[in-house]
4 protein chains.
Amino acid sequence: MTEYERSLSERVRDFVDTEVIPAEDVLDQGDTRRLTALRDQAREAGLWALPLPLEHGGGGLPLAEYFRLAEHEGRSDHGPAVLGSASLLNARMLASHAHAAHRDEWLSALVAGELSVSYAMTEPGVAGSDPQAMRTQAVPGDTGWRLSGRKWFTTGAAQADLVLVMARTGEGHSLLAVPAGGFEVVRELDVLGAGGQHEIVFSDVHVPDTHLIGTEGKGLALAGERLALGRTLRALRWVGQAQRAIEMLARRATGRRLGDGVLSDRQLVQRLLFEAELQVRGARLLTADAGDLVAAGERAAVPVSLAKVAAARALETAVDGAIQVYGAEGLTAATGLPRLLRTARAARILDGADELHIESAARRLFRSYQE
Amino acid sequence: MTEYERSLSERVRDFVDTEVIPAEDVLDQGDTRRLTALRDQAREAGLWALPLPLEHGGGGLPLAEYFRLAEHEGRSDHGPAVLGSASLLNARMLASHAHAAHRDEWLSALVAGELSVSYAMTEPGVAGSDPQAMRTQAVPGDTGWRLSGRKWFTTGAAQADLVLVMARTGEGHSLLAVPAGGFEVVRELDVLGAGGQHEIVFSDVHVPDTHLIGTEGKGLALAGERLALGRTLRALRWVGQAQRAIEMLARRATGRRLGDGVLSDRQLVQRLLFEAELQVRGARLLTADAGDLVAAGERAAVPVSLAKVAAARALETAVDGAIQVYGAEGLTAATGLPRLLRTARAARILDGADELHIESAARRLFRSYQE
Amino acid sequence: MTEYERSLSERVRDFVDTEVIPAEDVLDQGDTRRLTALRDQAREAGLWALPLPLEHGGGGLPLAEYFRLAEHEGRSDHGPAVLGSASLLNARMLASHAHAAHRDEWLSALVAGELSVSYAMTEPGVAGSDPQAMRTQAVPGDTGWRLSGRKWFTTGAAQADLVLVMARTGEGHSLLAVPAGGFEVVRELDVLGAGGQHEIVFSDVHVPDTHLIGTEGKGLALAGERLALGRTLRALRWVGQAQRAIEMLARRATGRRLGDGVLSDRQLVQRLLFEAELQVRGARLLTADAGDLVAAGERAAVPVSLAKVAAARALETAVDGAIQVYGAEGLTAATGLPRLLRTARAARILDGADELHIESAARRLFRSYQE
Amino acid sequence: MTEYERSLSERVRDFVDTEVIPAEDVLDQGDTRRLTALRDQAREAGLWALPLPLEHGGGGLPLAEYFRLAEHEGRSDHGPAVLGSASLLNARMLASHAHAAHRDEWLSALVAGELSVSYAMTEPGVAGSDPQAMRTQAVPGDTGWRLSGRKWFTTGAAQADLVLVMARTGEGHSLLAVPAGGFEVVRELDVLGAGGQHEIVFSDVHVPDTHLIGTEGKGLALAGERLALGRTLRALRWVGQAQRAIEMLARRATGRRLGDGVLSDRQLVQRLLFEAELQVRGARLLTADAGDLVAAGERAAVPVSLAKVAAARALETAVDGAIQVYGAEGLTAATGLPRLLRTARAARILDGADELHIESAARRLFRSYQE
């Protein structure tokens, strides 16, 4: 890391620790005013949209450099949204695949934080790992398609200006952009007590030709393309939150008196720290490795799967250990630990359940060992 | 088990599955009208207060027999409250140790569900395992004590008619009964998203002599007495919820199509079921063993610690497996799994964190092996 | 347990601890003189062949009663051979299925310890779980069969007077008894450093009609029949060895000074004991449960699989913990721990690898939950 | 890695795979003729003593570069001995601390493979982690010391020309060099079936002044100095053997037919590979990290402890998985897996039991988090 990178990392970390984390409660409740204020602060601090393209108003940080600070940004689940990098996946997809008629407009608004885009893939009643069973469908209409279907776990759909929807089109799948008004939010899901993910319905809505993202029938390839980067980013954030949990564990254990000593003198508490540290450092290195390949555009499916699983487990171990050290108090919202626990539990399912990664990575590994 | 016991068990199980579980959402929100209605149903079904003393209106079931159906009753965290057995610990304590001036009145009201009693032990800022550090104190006053202090994780304090409070008195600790009005509920704790536990404050409140439970200075012995039974009951309920999670896992896995087959054909799903079943059956047997000793009034500290830890782990494994099989949907409140997950996570801390049980049980075991 | 059963259990345990365990080194080396002497001692102590049929000279103990002392007998892998119960599986099979021309002669000699019988099932290069791939074959000959093939992991074949061989016969499989002379021992396998298992070859050997065990073509059913009992017996012995390892762990930990205290004061050592005790007690209860069903002749596949896996894991955990507590010395043969470790590691493969039990038990469980 | 480093790594790996591994059986039996022949081959291949000092005949490879190939060299436990780098720890210690009267002679002979040096630290009956309890003692004599005591787990003592012995001298500890003849080998230890480690006795042997290594009374500091490098080297070798086990697992799983498919199609087998790969890659990265610090002479206690524990666990997981995939055959010596299993089990104790690393690393980590 260069001196500049190190300093940027530290500034991101400080900003998240001092500005974002104390605001997590209100941000959880969807307080957009506070979010807007924090984004303004981030802009002033020169930390806005760092990995987004320069030409559309972003910081222009190359992926490989951004990865080095993504862990810090991700110490809070709200970090990326506050710092304007939560749109990275959508921005890259639109930059490469949106129709020229909309690309620049959408991108500029997206980077500026003025356009909110959601990604709608999963459907109720259909295994996420089985795209052939998808039911949302777009049939050809006048100058475009007629789209009908139902999606859920659509993050931020209630506030979205644009939803990118995967739908069956003929033999294949295509990705279509549907502006607000074209879908109905039928309910907000309660995901381990948190909101922000919705079930939405498309009822024979018209989608113009220029709202096709990429090539007709090649939607699944597009989805695959964003997976590697998406998983890497999430793994980095989980490592950041795991590190945060370790620091909480350590602070509590060294500060809490028990009999003549402190909690951190107890071997079973030492073991909680050791196991968490071991997993978090391992996950950090595995994630950095995967990130290098992703940034270089190389094949990274196995390293990304390993990093994803390692980071999710490390987060679970670290948070679990911190809660044990806090005792019953660790179960209360006031400590912030339940929020980390929620992310940790979801991590073993989001971005592909562990079981899927085990099978797909092992198949690739077996093949590579055969060669 | 006799035929009658088996039939009673089944009736309890059916009642919980068909009446209590569907009402969990509203009961979680503290809907007392629904609770009252369900209690009436339980009375009509002859399932009310089964283990409570006959002479005060309970079912008079001996502990050993009650243990055989406690697993079923505990399939829902609300089961014991609805079926009137949640007061068992307090009833036994009052029956043995309350002053004659109040005993019968309190007991009859308690068994009838008309007196709500809370137990206040834990204090903010003090390790639960370190009673010497307790700060709540009662000093002698006119015909009784003046009590001051702060307690938290006091279950149901907001609705309590009577709180049993552990306080320092002179060299020892004493347990004192304080009626509503004698304490202030300063906040409800948010425990993994659930309410029902409170922080309460006693400000120089007068406690008459007849409100001493047991002997002055011997309060910790009283607390220890209820621990073995309390832990056994909770372990039984955790086994019940773990069994419920396994059934959910199995139902989903056998009902969910994936490609040509169903989820239950997949070895990694089979493994989730196998590991859960292995742990739940082991925990059930260990808990039954501990229960036999507790019911017989024999020394049971080690078996209870082992049963407690085994049941908490089994619950965690079963719920975790069920969520993996449900996928992202398993994280949503609609499935009921997050509620079980909350109980599972708390189980590793409540009734003594695992770490405490490991140390105390191992010390006893080492001694017994030395003999 | 009756008083008599308890006393018999204790006598078995004492005999194994004081006579068999000290002789393990020489017995491992195949010292038949010592084995014979110990068997004579067992006969004198009234502990010979307890579960074998009375009418052929055994103790006539019903299975359910024998199971209660099998754990003690199995504290040493040599226990069953010294106490004359190692032949139980073969004796039951011959009693039910051997031809009348040989049955009584074989059984009497077997129970007396004068006939050594081996069981030859597994073949090199063929998955044990795939009997259709078996290559050993018997074709009809004059008054019997001509048998050719190769088997390995045949325990005690070098000393065997009779080998029971599974072979393909026409469409099915049949079990045939081949006396010494009818097979060649081509090598002794080195199984984690231990001998006693052999690879043997049958080269067009004549097998008379009366040497067919059971019905032609129904050999696999016979094999299945002995599996449940065989697995239960092994699980009981593993629990016995696990208990022995725990006692070693405790003795060392309480006897070894470290700084001001002893090893058993250390929480990480306490944890080793606790985890071992938890698993061993759970496995003991699960194995007893499975044993009750097996003794009653009821369906027991799932309970046996669970007990088998639990006992193997408990043994591994207990031995592993004992070695950690002994430190480097625990790796040396003088402590006896490496012998237990060898049994522990093999246990996860013998009687069906864990993976097979997971799949087969889960399939049955899923079916039973569907009903 | 430069092209040269990569090519050197590959040559080391090829040499170990094609020359050393096939000779493991005879090398295990202490066949010095074969060892000598293989060493000659290594010299001819330009792979002899790569990390040893140039001026004494070694390859002069800096530590940081040597670390990159140590994993390959360590794919066999015999690799370092055959390739002449097993003496690295002793060579560095003698180079820095041996008396000028002997230094060059000893070093040249050591690097040439003509001087065999053992290191004697551990004593029977004394916890390795408790140097204050050490009993071997050297008292001042004419022009030197008189040394008496007993050591065990002294690797290669039977063939040693020189033993470096830690002994109490006055208030502190000192390291003394004792040539063959000055100690008696009283027995060879049987360590999980392997020999090569001895118990040796010093009976009032004279040790001249010039045989003091380093400063009198500062022996423990010397021992500490070699620990970090020693542990890093071993961790690298364990990663090498773990990688070898994974390759065996993959070869067997993809080559073994089962029913219609191959073993590698089974999810439970895929899981064995995935978990092993995840741990091995993590351990490799953690070990490289620790190695960088050690090579740079920086403080590395925590990273080394984490790397040591991670590598030992990864080895255990990979070997365990390979054995499960091989089935019963995996327990036989012919596959080579039991040898890897032996190393794996010992790894959790050698170089400090896991429990010691957990405590010492956690203490340091807690301190660093407090700052």
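A short reminder: the numbers here are calculations on the coordinates, not readings from a lab. In this text the structure is predicted, and so the values were computed from the model without any measurement. We place every Cβ from the backbone using ideal geometry, glycine too, and count neighbours over all the protein chains shown.
Quantify how strongly other chains surround peptide C:319-332 by giving the mean number of their Cβ atoms within 10 Å of each of its Cβ atoms.
Across the residues of C:319-332, the mean count of other-chain Cβ atoms within 10 Å is 5.
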With r defined as the distance between the Cβ atoms of A:Glu44 and A:Glu114 and R0 fixed at 22 Å, what FRET efficiency is calculated, to the nearest 0.05? 0.80
Rounded to the nearest whole Å³, what is the per residue volume of the convex hull around the Cα atoms of the stretch B:117-216? 91 Å³
Using helices alone, what [θ] at 222 nm do you get for the protein assembly as shown, with -39,500 (n - 2.57) per DSSP H run of 4 or more residues, divided over all residues and rounded to the nearest 500? -16500 deg cm²/dmol
Reachable aspartates and glutamates from D:Lys151, criterion Cα separation under 13 angstrom, eight or more residues apart if same chain: C:Glu329, D:Glu123, D:Glu184, D:Glu188, D:Glu199
Could I have the simple spin-label model distance between C:Glu188 and C:Ala64, label points 7 Å from Cα toward Cβ, reported in nm to one decimal? 4.3 nm
In terms of the Cα gyration tensor, with a ≥ b ≥ c the square roots of its eigenvalues, is the stretch D:3-112 rounded because a/c is under 1.5, prolate because a/b exceeds b/c, or oblate? oblate
Among A:Leu233, A:Leu337, A:Leu356, which one shows the biggest mean-square fluctuation in a GNM of chain A, springs joining Cα atoms closer than 10 Å? A:Leu356
Hey, for A:Gln159 with labels 7 Å out along Cα-Cβ, what do the inter-copy distances come to in nm, ordered shortest first? 3.6, 7.0, 7.7
For A:Gly196, inter-copy label distances in nm, listed shortest first [label point 7 Å out on the Cα-Cβ vector]: 2.7, 5.4, 6.0
Dipole axis of the stretch C:196-327 (+1 Lys, Arg; -1 Asp, Glu on Cβ), positive-most option in C:Ala301, C:Gly282, C:Gly219: C:Gly282
FRET E, pair D:Ser368, A:Asp260, Förster distance 22 Å, beta-carbon r, rounded to 0.05: 0.40
Axis-nearest residue of D (beta carbon) for the D-onto-B rotation, whole Å: D:Gln267, 2
Whole-Å distance, taken between Cα centres, linking the stretch B:332-371 and the stretch B:181-202: 24 Å
For C:Ala333, which inter-copy label distances result when the label point lies 7 Å beyond Cα on the Cα-to-Cβ vector, reported in nm to one decimal and in ascending order? 1.2, 6.6, 6.6
Nearest 10 degrees, 0 to 90: what angle lies between the long axis of helix B:219-255 and the longest principal axis of chain B (Cα atoms)? 20 degrees
Radius of gyration and Dmax for chain C's Cα atoms, expressed in Å? 21.3, 80
Can you tell me the orientation of helix B:63-73 relative to chain B, as the angle in degrees between its alpha-carbon axis and the longest Cα principal axis, to the nearest 10? 50 degrees
I'd like the distance between the alpha-carbon centres of the stretch D:128-151 and the stretch A:109-143, rounded to an integer number of Å. 76 Å
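Rounded, prolate or oblate: which fits the stretch D:184-304 when a ≥ b ≥ c are the square roots of the eigenvalues of the alpha-carbon gyration tensor, with rounded for a/c under 1.5 and prolate only if a/b beats b/c?
Values: a/c = 5.21, a/b = 1.88, b/c = 2.77.
Verdict is oblate for the stretch D:184-304.
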Can you tell me the 0 to 90 degree angle between the C-alpha axis of helix C:103-112 and the longest principal axis of chain C, rounded to 10? 30 degrees
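Under 10 °C and 1.306 mPa s, how fast does the stretch C:80-144 diffuse according to Stokes-Einstein, given a Kirkwood radius computed over C-alpha pairs? Answer in µm²/s, whole number.
Using the Kirkwood radius from Cα pairs, D works out to 112 µm²/s.
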Distance in nm between D:Glu247 and A:Arg251 label points, each 7 Å along Cα→Cβ, equals 4.8 nm
To the nearest 20 debye, what charge dipole does the stretch C:221-370 have about its Cα centre, counting +1 at the Cβ of each Lys and Arg and -1 at the Cβ of each Asp and Glu? 200 debye
Give, rounded to the nearest 20 debye, the magnitude of the charge dipole that the stretch B:131-228 has about its Cα centre when Lys and Arg contribute +1 at Cβ and Asp and Glu contribute -1 at Cβ. 220 debye
Selection from C:Ser129, C:Gly144, C:Pro179, by position along the positive dipole direction of the stretch C:117-217 (Cβ): C:Ser129
Just to verify a number: FRET efficiency for B:Leu227 and D:Arg135, C-beta to C-beta distance, R0 = 51 Å, to 0.05? 0.65
Among B:Pro208, B:Gly230, B:Ala120, whose Cα sits farthest toward the positive end of the charge dipole of chain B (+1 at Cβ of Lys/Arg, -1 at Cβ of Asp/Glu, about the Cα centre)? B:Gly230
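So how strong a dipole does the stretch B:315-359 carry about its Cα centre when Lys and Arg Cβ are +1 and Asp and Glu Cβ are -1, to the nearest 20 debye? Mind dumping the intermediate values first?
Details: 4 positive and 7 negative charges, 55 e Å.
Dipole magnitude for the stretch B:315-359 comes out near 260 debye.
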Honestly the protein assembly as shown on the Cα gyration tensor test (a ≥ b ≥ c root eigenvalues; a/c under 1.5 rounded, otherwise a/b vs b/c for prolate or oblate) is just rounded
